[in-house]
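Notes to accompany the following structure.
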Amino acid sequence: MPFDFKKYHYRSINAASDAERAAINQELKDLYAALPEEEKVTFNQELQTFLAKEMGRLKSSYESMKGNDN
C-alpha cells in the first residue's frame, strides 16, 4: 500500500495555525499506530524516501536561489 505523504506535507505547509499542523501530524501518527506491524516497515521506508526526496528538492532550490544572488 503506497502512502500519500505529499498530501499530509502540503496540508501541513498550508495549515492556518500550529494547532491545525499538530492535528495533521496526529492524523499521521494515528494512521501509523493502526497499521499492522508488517505495514509499519513499509510506511517507515516510504516516509524516509519521501523525506530524502523533499530535502534534496529543497537543497536544489536553495542552491539555485543562492546562485542567483551572487
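Counting the residues of segment 1-22 that are surrounded by 10 or more Cβ atoms within 10 Å (Cβ to Cβ) and either of a type outside the set (Asp, Glu) or in contact with a Leu (Cβ under 6 Å, 6 or more places away or on another chain) (or both) gives 13.
Looking only at segment 19-33, residues that are aliphatic (A, V, I, L, M) and more than 16 Å from Leu47 (Cβ to Cβ) come to 3 in all.
Taking residues in segment 42-57 that are free of Cβ contacts under 8 Å to residues at least 60 places away in the same chain, and partners anywhere that are loosely packed, with under 10 Cβ neighbours inside 10 Å, not one pair has Cβ atoms closer than 6 Å while being at least 6 places apart or on different chains. Within segment 28-46, the only residue that satisfies the criterion of being farther than 13 Å from Phe3 by Cα and not in a helix (DSSP H, G or I) is Pro36. Of the numbered criteria (1) touching a helix residue (DSSP H, G or I) at 6+ places or on another chain (Cβ under 6 Å); (2) at pLDDT 95 or above, the one Phe3 fails is (2). Scanning segment 23-62 for residues that are open to solvent by less than 50 Å² (accessible area, probe 1.4 Å) and of a type in the set (D, E, K, R) yields a total of 2.
The values are calculated or read from the model by the stated rules, or taken from the named source; none is laboratory data. These numbers come from a predicted model, not from an experiment. Note that each Cβ is placed from the backbone with ideal geometry, even for glycine, and that neighbours are counted across all protein chains shown. These area figures cover heavy atoms from the full protein model, side chains too; ligands, DNA and RNA do not enter into them. Shrake-Rupley method; radii C 1.70, N 1.55, O 1.52, S 1.80 Å.
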